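Participant: The structure's right below; bear with me while I get my questions together.
The values are calculated or read from the model by the stated rules, or taken from the named source; none is laboratory data. Given the structure is predicted, the values throughout are model-derived calculations rather than measurements. Note: ideal-geometry Cβ built from the backbone for every residue, glycine included; neighbour counts use all protein chains shown. Just the protein is used for accessible areas: all its heavy atoms, side chains included, with ligands, DNA and RNA removed. Shrake-Rupley method; radii C 1.70, N 1.55, O 1.52, S 1.80 Å.
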Amino acid sequence: MSRIAGSRIIDAIAPLVPADCREEWRAEWQGEVAAAAQDPDGVGPFRIRLRCLGAISDALWHRRRYREPLAMSQNLKYALRLMGRRPAFSAIVILTLALGIGGTTAIYSVVNAVLLRSLPYPKPEQLYVFWGMPTDGDVSKVGRWTSYLDYKDYQAQDHSFTQMAAYRQTTVTLTTAGADPRFVENVLGTANTFSLLAVEPVIGRLFSPEEEAAGSPDVAVLSYSFWRARFGADPKVLGTIVQLDGRPFTIVGVLPERFRIGSADLWSPLVPGRLESNRGNHTLRVIGRLRPGVTPESAALEAKAVAAALEKQYPDDNAKRSVRIEPLKDATVRQTRPFLLALMGGVTLVLLIVCTNVANLFLVRAAARDREIAVRTALGAGRGTLFNQFLTESLLLTLIGAVLGLPLAYLGVRLLLQGAPESLPRLTDIGIDPTALGFMLTVSLLAGLLFGVVPAAYSSRHSIAQGIRERGTGPRHGRLSRGFVVTEIALAGILVIGAALLGKSLWRLNQVDLRFNPENLLVAKLQLPSARYPGPDDARSFFGTLTSRVAAEPGVRSVSLAYQHPLSDGWTSSFILSELPHPKLGEEPEAQVRPVSPGYFHDMGVALIKGRDFTPGAGFDRPGEVIVNQAFVKQKLLGQEPLGKHIERSPWWPGQPGSWEIIGVVADEPFRGLGIEADPATYFAHGQLPMNEMYLLVRTAGDPVLLREVVRRDVAALDRDLPLESIPTMNEILSDLTAVPRFNVQLIGLFAVVALLLAALGVYGVLAQMVTQRTAEIGIRMALGADKGSVLRMVVGQGVRLSLVGVFVGLVLASGATQILESQLYAVTARDPSVFIAAGLGLILVAGVAAYIPARRASRVSPIEALKAE
C-alpha cells in the first residue's frame, strides 16, 4: 500500500515537470519509491510519502532548468537546421503554399469585388432595373430598353417604387481649348438619378431638375476618373466650358470615385427632344428603388400590369411589349457570373490540391523519419515533445509561405487587371480584399497545424523497436499517402477538363467562317457633329470628299463607308413588304438598318449571292434601292424570291424615298458576334441614307498600320476638330471579340497547369518514398534475375494505377462540375467525350512521366549496395 500511495504522489507532481523530460523523471522517482518499499529496514508508509514530497522541489528544479521557452527555442533551431539539410523539400512546400495563398487571394479578391460585394449605394438590394420583354419571344421587335414616354407613365402609375430614374449613353465629340478632340461617353440622365442612388459630388454640384427643361443652359458633371485623366484633378475645372458635338457645356461638378455606371466620362441632363417625344424610340435604361415592405414579386406583377395597359393604349408603339425587373447588382454582373463562379470553383480546387499536396509531402517526410522518431522516443522524448517539434517545423514553413504569398497576391491582382477584358464590370472596385487575405492566412495557419499534428500522431502510434528496425522504410504511411495522390489527380482532372472545354470552344470560335476578309483593313470611326453638319447634303459632301482623298493615297487598294462594319452590331427599324399582307399596326417586322457605300460588299469580301450592287451616285432624286442578307430572305420572306419586292418605311428626311426595291442578296455578316446567327439586315446606299456617323474602311496593299497617320492627316485636312483617337485594324477588332473567352482559357488553363504540376509532384513523392522503402526488396529481385525493365514497369505501373483511380474519380466529378461552363462554350457540350478522353489520357501521361523518375532510380539499385545498406 505504501508503494501505491507513493506512486500516486509522483503522478500528481509529474505535470510540474516539462513534457520533454517528464517520463524519464517519473521513471526515476518510481524506481526510488519501489526501492524504498523493499528496504529491509522496513521504511514505513509515512516515511515513503514524506520522501515523495521531496520530488516537488526536484520537479520545480527541472522546470527552471528545462523551461518550455527553451524547448520552443530548441525546436525552432532544429527546424531551421532541418530546412537547411533538406532545401528541396522546404522550397517545394514554401512555394506551393505561397502560390496557393497568393493565387487564391488574388482570384477571390476579383470575384468578391465583381460578384459578391454589395453595390456602393445605400440599401442596394432595393435597386432594380426595368427590361423590355416581348410577350411572344420576338426580341428583334421588342428591345431591352424603354422609351421616355413609357418611363414617365411608369413613374406615374407604378407605385411599388419610391423613385425611378432614366438615362442613355451616347458617344460624343469633346473639344476643349489646347487639346485634341476625342470621343467621350456622355450619359444623358434625369436629375433624380443621383438622389435615387444617394450620390453627392466631390466638388461643385449636380444638375437640377430645372436644367432638364428645354432652353435651360447646358451643363455637365464629370466622372472622377475622367476628371483626373483629362483635367489632372484640378478643382478649378468648375466653370470650364467644353464643346460636346459642337455645343458648349459648362462643367458644374465632379462625381465621386465610387460612382460608376458603364464607361461614362461625363453626365448631362436628359432634355426631352424629338427622340423623347417618340414613344417607339426605346433607348433609355430605367432603374427604380423598391418601396420598403414591397416584395420583388408584387413589384414585378405591378410593372407587368402597367406594361399591359400601355400595350393596349398604344398598340402602334408598344405592341408585344411587356417588362421584367431585375436587381441592379444581378444586371451588372449577369454576363460574367457563370465564369466567375467557375473561377471561384477553380480557386477552391487549387487550394484543396495545395493543402493535399503539402500534407502528403509532410506525411512522406514523416515516413522517412520513423527511425529518428523511434530513437528520440527511446531516449525519453514523449509524444508531446514530438508533437511540438513537428508543429514548429510545419508552422515555420507555413508562415514563410504565407509571407511570400502576400506579394504574390498583390502581383496577381495587378496582372489580372492588366489582362482582364474591358467588359468585366466593376473593374475600378478590384483590389486586395482584406477579408480574403485574412481568411487565406487563417487557412494556412490551420493547415500548418494539421500538417504538423497528423504525421506526428501517425508516426508515434508504433513501437520503438519497429521504428528502429524499419529505419524509415516501413509501409505504414503508404495507404494514406496514395489516397492523397488519388485526390490530387481527381481534383486536377476537373480543372484540366474545364480548361480543355474552354480551349476547344475558343478554337471552334476562331474557326468560324467570317464571310468577309479581315486582312489588311483599317477601320476609322467618324462622327460628324450635327451642329456643324445639320443636313444630309453635308454628310454626303464630307464623306464623298474624304473617300476620294484617301483612295488616292499610295498603298490604298479600296475605300468604303459603312454605318456599322462587319463585326459591329447596328440598330433596327420597322418596315412593310409591299407584296405581302400588311401586319396589324404596331406589329410590323424589324430588321437591321446598315447604310453602306457602293462597292462595300466587294471591298469587304462579302459574297453577293444574287442581284446587283448599288449604283454610284444614288441620292434622294433616284428610286430607293435596298440589299438584304440571307437571314432576311429566310426569316422575313420565308424563302420567296426577294428580287423585285419592295420595302416600305417612313422617310427620315424630306425628299427621301419611302419605297425601296430589293436589288440584291448578300451573305450574312457576323455583326451579332462570332458564331451567332445573323439577324435580318437591310443595306441602303449611303447617298440615300446619309448618316453622320460612319466607319471609313480602308483596304491596303501592305501593312495597314503604316497608313494610320495618312488617314489622320486626310481627315484633319477636311475637319481638324473630328477625333480619330484609334484606328484599329480589323484583325485587332476581331481579337477584341475573342478577348473574353481567351482570358477565360488563359486563367483556367493556368490553374490546370498548376494543378497538373502539383499532382505530378504528389505522384513523384509517393513513388520516390516507395522506392526508398523497397530498396532492399528491389535489390533482392535484381539479385534473383529481375532486369531493369521489370523494375521500371513495376514502379511506373504503380503510378499509372494511382492515376487511373484518380482519373476515374475526376471524370465522374467533372461531368457534373463542368455544367457551370455551359453558357461559356461555343459548339462544344459540357460533357464533350473527346475532351474527357483526351484529358484523362493526358493526366495518365503526366502521372507516368512523374513516376518514371523514381522508377529509373529504382532500376539502377545495386543489389550488393542495397543489401549492404540493409
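Participant: So what's the angle, to the nearest 10 degrees on a 0 to 90 scale, between helix 833-859 and the longest Cα principal axis of the chain?
Facilitator: Orientation of helix 833-859: about 30 degrees from the principal axis.
Participant: Here is a further query. Given the -39500 (n - 2.57) contribution per DSSP H run of 4+ residues, what per-residue ellipticity at 222 nm results for the chain, rounded to the nearest 500 deg cm²/dmol?
Facilitator: That comes out to -17000 deg cm²/dmol.
Participant: Mind checking the angle between helix 337-368 and the chain's longest principal axis? C-alpha axes, 0 to 90 degrees, to the nearest 10.
Facilitator: 20 degrees
Participant: Can you pull the three principal axis extents for the Cα set of segment 147-275, in Å, largest first?
Facilitator: 49, 31, 24
Participant: Tell me the net charge near Ile430. Cut-off is 14 Å between Cβ atoms, Ile430 excluded, with +1 for each Lys or Arg and -1 for each Asp or Glu.
Facilitator: Cβ neighbours under 14 Å give a net charge of +1.
Participant: Now for a separate question. Over segment 503-611, what is the relative contact order in whole percent, taking alpha-carbon pairs under 8 Å and six or more residues apart? Write out the running numbers ahead of the final one.
Facilitator: On the way: 72 pairs, mean separation 32.3, N = 109.
It comes to 30 percent, rounded to a whole number.
Participant: Right, here's the next one. Per 0.36 nm of contour for each residue apart, how much would the distance between Arg274 and Ser862 grow if the chain were fully extended, relative to their Cα-Cα spacing? The partial results should precede the final answer.
Facilitator: Working: separation 588, 0.36 × 588 = 211.68 nm, distance 9.33 nm.
Length gained, Arg274 through Ser862: 202.3 nm.
Participant: Evaluate the charge dipole of segment 269-325 about its Cα centre and quote only its size in Debye, nearest 20, assuming +1 on the Cβ of each Lys and Arg and -1 on the Cβ of each Asp and Glu. List each step's numbers first, then the result.
Facilitator: Details: 10 positive and 6 negative charges, 24 e Å.
For segment 269-325, the charge dipole is close to 120 debye.
Participant: Using per-residue counts of other Cβ atoms within 10 Å, averaged over each peptide, order 599-608, 354-363 from highest down. Before the final figure, lay out the partial values.
Facilitator: Working: 599-608: 18.7, 354-363: 23.7.
Going by the mean number of other Cβ atoms within 10 Å, highest first, we get 354-363, 599-608.
Participant: Let me know the charge dipole size of segment 776-849 about its Cα centre in debye, to the nearest 20, where only the beta-carbon of Lys, Arg (+1) and Asp, Glu (-1) is charged.
Facilitator: I would put it at about 220 debye.
Participant: Please work out the C-alpha center-to-center distance from segment 86-115 to segment 596-637 and express it in whole Å.
Facilitator: Value for the Cα centre distance between the two parts: 57 Å.
Participant: Hey, got the dipole for the chain? About the Cα centre, +1 on K and R Cβ, -1 on D and E Cβ, debye to the nearest 20? Kindly include the intermediate steps, with their values, before the conclusion.
Facilitator: Values: 89 positive and 79 negative charges, 936 e Å.
In total the dipole reaches around 4500 debye.
Participant: Provide the net charge surrounding Val715, with neighbours chosen by a C-beta distance below 15 Å and charges set as Lys +1, Arg +1, Asp -1, Glu -1.
Facilitator: Details: positive: Arg182, Lys525, Arg532, Arg549, Arg708, Arg712, Arg713, Arg720; negative: Asp180, Glu553, Glu693, Glu709, Asp714, Asp719, Asp721, Glu725.
Overall, the nearby charge balance is 0.
Participant: Can you tell which of Leu528, Val33, Leu750 lies farthest toward the positive end of the dipole of the chain, using +1 and -1 charges on the Cβ of basic and acidic side chains (Lys, Arg; Asp, Glu)?
Facilitator: Of Leu528, Val33, Leu750, it is Val33.
Participant: Going by a ≥ b ≥ c, the root eigenvalues of the Cα gyration tensor, does segment 222-366 fall in the rounded group (a/c under 1.5), the prolate group (a/b larger than b/c) or the oblate group? Before the final figure, lay out each step's value.
Facilitator: On the way: a/c = 3.28, a/b = 1.40, b/c = 2.34.
Oblate, since a/c reaches 1.5 and b/c is not below a/b.
Participant: Name the shape class, rounded, prolate or oblate, that the alpha-carbon gyration tensor gives for segment 636-723, where a ≥ b ≥ c are the square roots of its eigenvalues, rounded holds for a/c under 1.5, and otherwise prolate holds if a/b is larger than b/c and oblate otherwise.
Facilitator: On the way: a/c = 2.84, a/b = 1.54, b/c = 1.84.
Because a/c hits 1.5 or more and a/b fails to exceed b/c, segment 636-723 counts as oblate.
Participant: Right, something else. Which one of Leu804, Pro863, Pro181 has its Cα pushed farthest toward the positive end of the charge dipole of the chain, where Lys and Arg give +1 and Asp and Glu give -1 at the Cβ?
Facilitator: Pro863
Participant: Another question, then. Considering only Ala539, Leu417, Leu696, whose Cα is most displaced toward the positive end of the charge dipole of the chain, charges sitting on Cβ of Lys, Arg (+1) and Asp, Glu (-1)?
Facilitator: Among Ala539, Leu417, Leu696, the one farthest towards the positive end of the dipole of the chain is Leu417.
Participant: Now a separate question. Shape verdict for segment 190-239, please, from the Cα gyration tensor: rounded (a/c under 1.5), prolate (a/b greater than b/c) or oblate. If you can, show how the numbers build up before the last one.
Facilitator: Values: a/c = 2.55, a/b = 1.48, b/c = 1.72.
Because a/c hits 1.5 or more and a/b fails to exceed b/c, segment 190-239 counts as oblate.
Participant: Cβ under 14 Å from Ile663's Cβ, Ile663 left aside: what net charge do those residues give with Lys, Arg +1 and Asp, Glu -1?
Facilitator: Working: positive: Lys610, Arg612, Arg622, Lys645; negative: Asp613, Glu625, Glu641, Glu661.
The answer is 0.
Participant: Please calculate how many Å² of accessible area the chain carries per residue, with a 1.4 Å probe and no DNA, RNA or ligand atoms counted. Intermediate values should be presented prior to the final figure.
Facilitator: Values: 39240 Å² over 870 residues.
On a per-residue basis, the chain sits at 45 Å².
Participant: So, one more: For Asp537 and Ala34 in one chain, what is 0.36 nm times their gap in residues minus the Cα-Cα distance, to one decimal in nm? Intermediate values should be presented prior to the final figure.
Facilitator: On the way: separation 503, 0.36 × 503 = 181.08 nm, distance 11.95 nm.
In short, 169.1 nm is gained.
Participant: With the cut-off at 23 Å, tell me which of the pairs Lys504/Lys634; Lys320/Lys584; Lys141/Lys634; Lys320/Lys610 have Cα atoms farther apart than that. Show your work: numbers first, answer last.
Facilitator: Details: Lys504/Lys634 30 Å; Lys320/Lys584 12 Å; Lys141/Lys634 17 Å; Lys320/Lys610 34 Å.
As for pairs spanning more than 23 Å Cα to Cα, those are Lys504/Lys634; Lys320/Lys610.
Participant: Something else about it: For the chain, which whole percent of the accessible surface, found with a 1.4 angstrom probe, sits on carbon and sulfur atoms?
Facilitator: On the way: 23170 of 39240 Å².
Carbon and sulfur: 59 percent of the exposed surface of the chain.
Participant: Another question about this same structure. Could you name the lysines in cross-link range of Lys123, using Cα to Cα under 20 Å and dropping any fewer than eight places away on the same chain?
Facilitator: Cα-Cα hits under 20 Å: Lys329.
Participant: [x] 92, 61, 50; [y] 137, 68, 54; [z] 88, 56, 51: which one is Cα extents along the principal axes in Å as calculated from this entry?
Facilitator: [y]
Participant: On a 0 to 90 degree scale, rounded to 10, what angle separates helix 788-817 from the longest Cα axis of the chain?
Facilitator: Roughly 50 degrees between the two axes.
Participant: Oh, and also: I need the phi-derived Karplus couplings for segment 658-669: 6.51 cos²θ - 1.76 cosθ + 1.60, θ = phi - 60°, integer Hz, Gly and Pro marked x.
Facilitator: Once rounded to whole Hz, the list reads x, 10, 10, 7, 6, 10, x, 10, 10, 5, 6, 7.
Participant: I would also like to ask the following. Within 10 Å, count the other beta carbons around each residue, average over each peptide in 227-234, 312-319, and list them highest first. Write out the running numbers ahead of the final one.
Facilitator: On the way: 227-234: 15.1, 312-319: 16.8.
Peptide ranking by packing, descending: 312-319, 227-234.
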